[in-house]
Amino acid sequence: MKKNINSWYLSIVLTALLSACSYDFPAPDPTTQPSTGNADFTKYVALGNSLTAGMMDGALYTRAQQNSFAAILGQQFKQVEGGEFVLPDINAENGTNILNGLGRIIFAVDPTCPQAGPGLSFTTPDPITPFSGNISDMNNYGVPGMKLAWSTGDGAVALLQNPFYTRWFADLPSAAATNPVELAVAAQPTFFSIWLGNADALNYATGGGCVTSEMNESPTPPQYIGVDGEGKPIENPVKSADYYNTLKQSGDGFGANDMTPTSAFQALYSGVVSGMLSGGGKGVVANIPEVTDIPYFRFVNPNQFAVPLDLGTVVPDAAGPPFAGMTYADVLNFWYFQYGFTGMEDYNGDQVPDGPQRLFQPNANNFLAIETFNANGERVIRQLDPSKDITPMSLATIPTKLGLGPILDCEGNVVGAREGWGLVQNLPLTAEGTIDLVELMKVIDQVRPYPVPSSFILDETEKEAVAARIDAYNTIIADVATANSDQLALVDINDIFGKFANEATPSTLGGIGVEATFAPPFGAFSADGVHPNGRGHAFVANQFIGAINAKFSANVPLVNPNNYPGNDLPQ
């Protein structure tokens, strides 16, 4: 049974969803046989986060696990003397999204409104069951949501609240006694992959630049953040007792939504790689793609959030004080001034002045008001700027809250009113879309300004902070790979993602067309807009294989992405 979220239906052209596309995959060279080169694939171990675990469509489920790039690599390595690749099978058809308790996201048609076309819906969740196998036999140590800062040392205590990690163990004390890096090292890999660091910046971005302290959490910075190649503990270089006071400016921290400090990332990453190399094996590492290249940050067009009222309309004199003679723009500004929002300090009493200090302008193309923070960490209210601000997919989940006006059902009947986010709440409108002044005077004490919360917007400053941090992380990853160049291959996923995300026509990777969207037939991302689908994971696996073959003179066969599932058609 599906659980349809009627307020989260996205316009998708059905013919596009149902269309097919044939790809030309380059035929293998029959004169070239698979070979190991100077690598040993006997025991392959994967270490990473949700990308390695195989999360798709906002959930972890069996089919997704089986089609992760790590599982695909494990299968291909069998052709070059590799062993079995054991997954911690979650034994679930739909999985669970631990953020909302629902199942995986699917494309579906609302049976009560089929003419609206397909949109996004949630399936019924499956319970997260314990792993029935032996943890020491596992090959995939990918943990959804795991930051580099949580993968090792006492920072791993954060994973004790993650059911995708604790399900591996018989009990919590067993989980608390180790960490994913220790487990992966103990597996004694002859070859490994490490793809970590994505969540260390992505969580900050998907949270709209809201750091953990703003989310009412106060994690303690870990004293140790890993071990070096000799097994000695690495002291956390971030020791300032008041570092949370700088969170709004830097985003630094070790909580769920914070960006791991660069100094800590360097020590952590070096320690993780040293640990994985300590057994004498070789491996491949991947860097981090620019997060704003993924569909999650590109699907929602910010231009659709223009104010749905003619703010140049003048309130007639008959309305009396305090609104007579005001424009609708200044009726809105009135409430923002009354509640003392930043930027309103030039107002005097109840009088709304002329000039640029107005939040809303009477004769301009106005957009919804948003909450953000300036460089000093001070709260600021301003209009959304479509040329600079990013509107993530999270905004698509709250369409009935944004702006003013009626909510219509499938037949065009009024079934409610929008909540006024980005303008003011409880502002009554007439059927014609003008302010109902008679009703307004009855409910004037209930009207409140309500800018769109900062957690739903990634502003220009936050976007630049994320990009700079990812650049710093990628420099560290490249330096570590260079320092261990005899044993490590590097996959430049950032360059690959950037190319196909910013080209107008589908890119061709290995002869296969692909787009950075979740729309068939070229879409490489699953329905959550963050994680690749099976076809996308096949592309990623081919990039890993290409780097491995080039570095170690191996000939691991590529895969045909057509053999892996894309997104399911509407149900």
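The values are calculated or read from the model by the stated rules, or taken from the named source; none is laboratory data. These numbers come from a predicted model, not from an experiment. Glycine also receives a Cβ, built like all others from the backbone with ideal geometry; neighbour counts cover every protein chain displayed. In case anyone asks, the SASA skips ligands and DNA or RNA and just uses the protein heavy atoms, side chains included. Shrake-Rupley method; radii C 1.70, N 1.55, O 1.52, S 1.80 Å.
Before moving on, here are some points about what is shown:
- Checked against the criterion of being more than 16 Å from A329 (Cα to Cα) and of a type in the set (K, R), region 455-464 contains one or more residues that satisfy it.
- Scanning region 407-455 for residues that are touching a residue at least 24 places away in the same chain (Cβ under 8 Å) and assigned to a strand (DSSP E or B) yields W421, L423, V424, Q425, L429, I435, R448, P449, Y450, V452.
- Every test in (1) open to solvent by less than 10 Å² (accessible area, probe 1.4 Å); (2) modelled with pLDDT of 85 or more; (3) not aromatic (F, W, Y) is passed by V211 save one, and that test is (2).
- So A547, is it of a type in the set (G, A, S), at pLDDT 95 or above and at negative phi: yes
- Of everything listed in (1) surrounded by 16 or more Cβ atoms within 10 Å (Cβ to Cβ); (2) over 30 Å from D317 (Cα atoms), the single unmet condition for G420 is (2).
- Candidates in region 184-208 are the residues that are outside any helix (DSSP H, G or I) and touching an Asp or Glu at 6+ places or on another chain (Cβ under 8 Å); of these, the one that is modelled with the lowest pLDDT is G208.
Table: residues versus (1) of a type in the set (D, E, K, R); (2) open to solvent by 40 Å² or more (accessible area, probe 1.4 Å).
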| site | (1), (2) |
| --- | --- |
| R167 | yes, no |
| A170 | no, yes |
| A175 | no, no |
| V185 | no, yes |
| P189 | no, no |
| S193 | no, no |
| N198 | no, no |
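- The lone exception for T475 - which of (1) open to solvent by 70 Å² or more (accessible area, probe 1.4 Å); (2) assigned to a helix (DSSP H, G or I); (3) at pLDDT below 90 it fails: (3)
- Residues satisfying the stated conditions in region 80-103, i.e. in contact with a strand residue (DSSP E or B) (Cβ under 9 Å, 6 or more places away or on another chain) and polar (S, T, N, Q): N94, T96, N97, N100
- Residues of region 338-360 that are in contact with a strand residue (DSSP E or B) (Cβ under 9 Å, 6 or more places away or on another chain) and modelled with pLDDT of 60 or more: Q338, Y339, L359, F360.
- Every condition in (1) free of Cβ contacts under 8 Å to residues at least 40 places away in the same chain; (2) open to solvent by 30 Å² or more (accessible area, probe 1.4 Å); (3) closer than 30 Å to C410 by Cα is met by N97 except one, and the failing one is (2).
- Subset of region 383-406 that is in a strand (DSSP E or B) and among the hydrophobic types (A, V, I, L, M, F, W, C) - its residue that is surrounded by the fewest Cβ atoms within 10 Å (Cβ to Cβ): L402
- Residues being β-branched (V, I, T) and without any contact (Cβ under 8 Å) to a residue 12 or more places away in the chain - total across region 138-163: 0
- Verdict on T508 being of a type in the set (S, T, Y), at pLDDT below 95 and open to solvent by 20 Å² or more (accessible area, probe 1.4 Å): yes
- Residue pairs meeting the criteria (Cβ under 9 Å; at least 6 apart or on separate chains; first polar (S, T, N, Q), in region 350-366; second at pLDDT below 75): Q357/G343; Q357/M344; Q357/E345; Q357/D346; Q357/Y347
- Residues that are out of contact with any Ser or Thr (no Cβ under 8 Å at 6 or more places or on another chain) and open to solvent by less than 40 Å² (accessible area, probe 1.4 Å), drawn from region 463-472: I470
- Residue match in region 152-165 (condition: open to solvent by 40 Å² or more (accessible area, probe 1.4 Å) and closer than 22 Å to Y473 by Cβ): yes
- N38 being open to solvent by less than 10 Å² (accessible area, probe 1.4 Å), over 20 Å from R535 (Cβ atoms), at pLDDT 95 or above and not hydrophobic (A, V, I, L, M, F, W, C): no
- Cross-chain or 6+ apart pairs with Cβ under 6 Å, region 190-206 first and farther than 16 Å from A472 by Cβ, then among the basic types (K, R) and not in a strand (DSSP E or B): T190/K43
- Summed over region 260-297, residues that are assigned to a loop (DSSP other than H, G, I, E, B) and either charged (D, E, K, R) or more than 23 Å from the chain's Cα centre (by Cα) (or both) total 5.
- Pairing each residue of region 58-83 that is closer than 18 Å to N97 by Cα with any residue that is among the basic types (K, R) and outside any helix (DSSP H, G or I), provided the two are 6+ apart or on different chains, yields C-beta distances under 8 Å for G58/R104; A59/R104; Y61/R104; A64/R104.
- If the condition is being part of a loop (DSSP other than H, G, I, E, B), out of contact with any Pro (no Cβ under 7 Å at 6 or more places or on another chain) and within 20 Å of L51 (Cβ to Cβ), then region 551-567 contributes L558, V559, Y564, P565.
- Odd one out for N287, checked against (1) open to solvent by 40 Å² or more (accessible area, probe 1.4 Å); (2) in contact (Cβ under 8 Å) with a residue 12 or more places away in the chain; (3) of a type in the set (S, T, N, Q): (1)
- Count - residues of region 529-550 that are among the small types (G, A, S), open to solvent by less than 10 Å² (accessible area, probe 1.4 Å) and in a helix (DSSP H, G or I): 4
- Just one of (1) closer than 25 Å to Q76 by Cα; (2) assigned to a loop (DSSP other than H, G, I, E, B); (3) not acidic (D, E) fails for T178. It is (1).
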